[in-house]
1. So which residues in region 31-71 are open to solvent by less than 100 Å² (accessible area, probe 1.4 Å), closer than 25 Å to A11 by Cβ and of a type in the set (S, T, Y)?
2. Restricting to region 72-84, give me the number of residues that are open to solvent by 40 Å² or more (accessible area, probe 1.4 Å) and at pLDDT 90 or above.
3. Which pairs do you get when a residue that is assigned to a helix (DSSP H, G or I), found in region 26-45, comes within reach of a residue that is open to solvent by 60 Å² or more (accessible area, probe 1.4 Å) and of a type outside the set (A, V, I, L, M), reach meaning Cβ atoms under 8 angstrom, with the pair 6+ apart or on two chains?
4. Quick check on my filter: what residues within region 9-21 are modelled with pLDDT under 95 and surrounded by 11 or more Cβ atoms within 10 Å (Cβ to Cβ)?
Amino acid sequence: MVLLMPSAHAALPGDIADGKRLHDAKCLGCHDTGIYTRKDRTVGSLDALKQQLESCSHMAKKEFSPIETRNIIKYLNDQFYQFR
């Protein structure tokens, strides 16, 4: 029965494909995906991930809309972090 229940991180709203597209277009110009999996990563929670994206959007000179933000968070969390 547990196998039929989706994991908590999969329950985040958003469009993962759009999140990946935005991430690849706007984030990979500054860093690669290794930043998300390094042992000393500074992002330790979903709230911290949201705050980091806000900081990165400033550096990328791109203000993401609420929908874009949701989609990027969905992509990053599902692909790398799996925060609950």
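1. T33, Y36, T37, S45, S57, S65, T69
2. Total satisfying the criteria: 2.
3. The qualifying pairs are I35/R41; Y36/Q79.
4. Within region 9-21, H9, A10, L12 qualify.
The values are calculated or read from the model by the stated rules, or taken from the named source; none is laboratory data. All figures in this text were calculated on a predicted structure; none of them were measured in a lab. Counting neighbours? That spans all protein chains shown, and the Cβs are built from the backbone with ideal geometry, glycine included. Accessible surface is based on the protein model in full, side chains and every heavy atom, while ligands, DNA and RNA are left aside. Shrake-Rupley method; radii C 1.70, N 1.55, O 1.52, S 1.80 Å.
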